[in-house]
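S.K.: Have a look at this one before I ask anything.
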Amino acid sequence: MIWDVDGLLELGREIEGDPGAMIGAVKEHLKVRDRHGRVRPLEANAAQREFERQRKQWNIVLKARQMGVTTWVAARMFMKTITARGVLTVQVAQTREAAEGIFRMVQRFWEQLPKEAREGPLRRSRATLGHMAFPELDSEFRILSAGDEGVGRGLSIQNLHLSEVSRWPGAAQETLAGLRAALSPSGELVMESTPNGAYGCFYHEWNQAQENGTAQHFFPWWMEPAYVSDTVTDPTEEERVLMQAHGLTEQQIGFRRMLEASYQKLRSQEFAEDAVTCFRATGDCCFDVDAIEDRLAEAPAALTSRRGGALQLWLPPLRGNRYLVAVDAAGGGSDGDFAAVQVIEVKTGLQCAELRQRLNPLELAEAAVELAREYGDAKIVVESNNHGAAVLAYLSSVHHYVDVYGKDGKAGWLTTTGNKPEMVGRLGALLVQSPEMFSSARLLQECRTFLNWPNGRTGAASGSHDDCLMAMAIAQSVRAEMLTRA
């Protein structure tokens, strides 16, 4: 190749839209450090070739660990940056450390180019950590961290690579929305990640991909040739089915057994085998994941619904039964948390109805009273934290509702760091022992995304909610008190 601007632009035209040309160009011009520490040409592996052949304008990649997807996307976008004019390529990693690691790889791409390219058309005017600029082409390559404030704001991006999205910190969905807004209408987008639980930004994007016109790519662990171990001569029935379905060898099954010994329940997350179960295996969920998934598969449809589906009813009130209406309050507004109301039957604990809607305290008090009246003048228990105090005030002063739960002379239920673990633990035990008590898919999904945090606390995953869950936890805790007193 002639290393001048015209030669680079000609190469850019050749590789644009031609997977074979891109694969060949990367192998010829870019080098990486392999697992043995050797610098060698980047020759596409099976997963990388498959991605290149199936790639569209917008892409999302679900992968097992160490498949080389991040390396390949970095390489192909680097090629697109140095073979076109006026291009801005941005890669966003989950942490600053990960971003620096990717940039070192891209730096090596440039350093291993011929001297005539580095001192000629690909001379850099800027080469700070995370940023390269090529003035002859008016093109740039940047690496950012998803944790950076205002990441991507003010940019006009032609190539956007988002790495390990499932592990982005903070409000990942907002970060992604801002980056998408910075991508030009004809720009290329690649989101890629290993799974990290059935919740969060990446999980949402994977499930919405077809509706958004985003191409899905799934790469299981056995696409990596290095993933082999001792030969297995006594495969189980599960292993035989897997071998037959995917053409796996005895050495690959040996590797799988090694993974099971090392990762246990997290094997299917870290080394994905299908695009469903890999999201389910996580050590962060507070509750038994299998119990939740089993109940979700069997949960009945609502008998009827109201308020545009916000209120769902499974069991109508029966004369002589006692009911409890539990309320988790919110401030209302279009962007705030949901308010939630759970109606349960006291004797059995069965979920009868559920309301999940953005309501202000006055509206929520009215809705709770309507449900309580419908269910035989049921006792209402309101979480008194935050906006709950206003709901309690409206129950008393506006609706004059008498049967309101209180403790130690104070109306309402106060959730504290002391009693929350017991509330969550009781709900978790019921999910395992009596899953038929719960009918709401919304509630069960919230249980699925309710996590143990490193600081010892619990709460909803970023971008998820726990309003139905907390209302149910309150309902079951108060029910336990009522049954004890009875």
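S.K.: Contact order normalised by length for the stretch 120-260, with contacts defined as Cα pairs under 8 Å and 6 or more residues apart; what percent is it?
M.R.: After rounding, I find 15 percent.
S.K.: Right, something else. Would you please put 197-203, 64-70 in order of how densely packed they are, using the mean number of other Cβ atoms within 10 angstrom per residue and starting with the highest?
M.R.: 197-203, 64-70
S.K.: Using amide H atoms built 1.01 Å from N in the peptide plane, name the residues 5+ places from residue 381, or on other chains, whose amide H lies under 5 Å from its own.
M.R.: For residue 381, whose amide H was placed from the backbone, the distant partners under 5 Å are 325, 326, 327, 405.
S.K.: Separate question: If amide H atoms are built 1.01 Å from N in the plane of the peptide, which residues on other chains or at least 5 residues away come under 5 Å of the amide H of residue 191?
M.R.: 59, 60, 61, 162
S.K.: Where the centre of each part is set by its Cα atoms, how far does the stretch 167-204 sit from the stretch 290-315, in angstrom?
M.R.: Here the two parts' Cα centres lie 29 Å apart.
S.K.: Give me a comma-separated list of calculated 3J(HN,Hα) values for the stretch 406-418, in order, Karplus coefficients 6.51, -1.76, 1.60 applied at θ = phi - 60°, integers in Hz, x for any Gly or Pro.
M.R.: x, 9, 6, x, 10, 5, x, 10, 9, 8, 10, 5, x
S.K.: Also: Of 254, 350, 195, whose Cα points farthest to the positive end of the dipole of the chain (charges on the beta-carbon: +1 Lys, Arg; -1 Asp, Glu; origin at the Cα centre)?
M.R.: 195
S.K.: Jot down the radius of gyration and Dmax of the stretch 380-478, Cα atoms only, both in angstrom.
M.R.: 14.7, 44
S.K.: Using the number of other C-beta atoms within 10 angstrom as an exposure proxy, rank 168, 314 with the fewest first.
M.R.: 314, 168
S.K.: Return a whole-number percent for the relative contact order of the stretch 388-486, with Cα pairs under 8 Å and 6 or more residues apart as the contact set.
M.R.: 20
S.K.: Considering the values (1) 59, 33, 21; (2) 53, 27, 17; (3) 41, 25, 20, which represents semi-axes √(5λ) of the Cα gyration tensor in Å as calculated for the structure under consideration?
M.R.: Structure-derived value, by its label: (2).
S.K.: Here's a follow-up. Provide the per-residue ³J(HN,Hα) series for the stretch 242-256, in order, calculated from phi with Karplus coefficients 6.51, -1.76, 1.60 and θ = phi - 60°, each as a whole number of Hz, with x at glycine and proline positions.
M.R.: Here the 3J(HN,Hα) series is 5, 4, 5, 5, 10, x, 7, 9, 5, 6, 5, 5, x, 5, 4 Hz.
S.K.: Still on this structure: Name the long-range amide H neighbours of residue 91: under 5 Å, sequence gap of 5 or more, or other chain; modelled H, no Pro or chain starts.
M.R.: 142, 143, 144, 161
S.K.: Would you list 257, 76, 104 from fewest to most Cβ contacts within 10 Å?
M.R.: 104, 257, 76
S.K.: If you line up the long axis of helix 420-433 against the longest principal axis of the chain, both from Cα atoms, how many degrees apart are they, to the nearest 10?
M.R.: Rounded to the nearest ten degrees, it is 90.
S.K.: Counting DSSP beta bridges in the stretch 78-233, what percent are antiparallel, to the nearest 5?
M.R.: 30
S.K.: If you don't mind, another one. Give the order of 289, 424, 381, 61 when sorted by the count of other beta carbons within 10 angstrom, beginning with the fewest. Present the calculation step by step, with values, prior to reporting the outcome.
M.R.: Values: 289 19, 424 22, 381 29, 61 26.
Ranked by crowding around the Cβ, least crowded first: 289, 424, 61, 381.
S.K.: With the contact rule set at Cα under 8 Å and sequence spacing of 6 or more, what percent relative contact order holds for the stretch 289-485?
M.R.: Taking the mean separation of contacting Cα pairs over the length of the stretch 289-485, I get 24 percent.
S.K.: May I pose another question? Enumerate the calculated ³J(HN,Hα) couplings along the stretch 465-482 in order (Karplus 6.51 cos²θ - 1.76 cosθ + 1.60, θ = phi - 60°), each rounded to whole Hz, writing x wherever the residue is Gly or Pro.
M.R.: Taking θ as phi minus 60°, the curve returns 10, 9, 5, 5, 4, 5, 5, 5, 4, 5, 4, 6, 5, 5, 4, 4, 4, 4 Hz for the stretch 465-482.
S.K.: Hey, another quick one. Using only Cα atoms and rounding to the nearest 10 degrees, what angle (0 to 90) does helix 96-111 make with the longest principal axis of the chain?
M.R.: With rounding to tens, the tilt is 20 degrees.
Each reported figure results from applying straightforward, stated rules to the coordinates on display, with no laboratory input. Quick caveat: nothing in here was measured; it's all calculated off a predicted structure. Quick reminder, even Gly has a Cβ in these numbers, built from the backbone with ideal geometry, and neighbours come from all protein chains shown.
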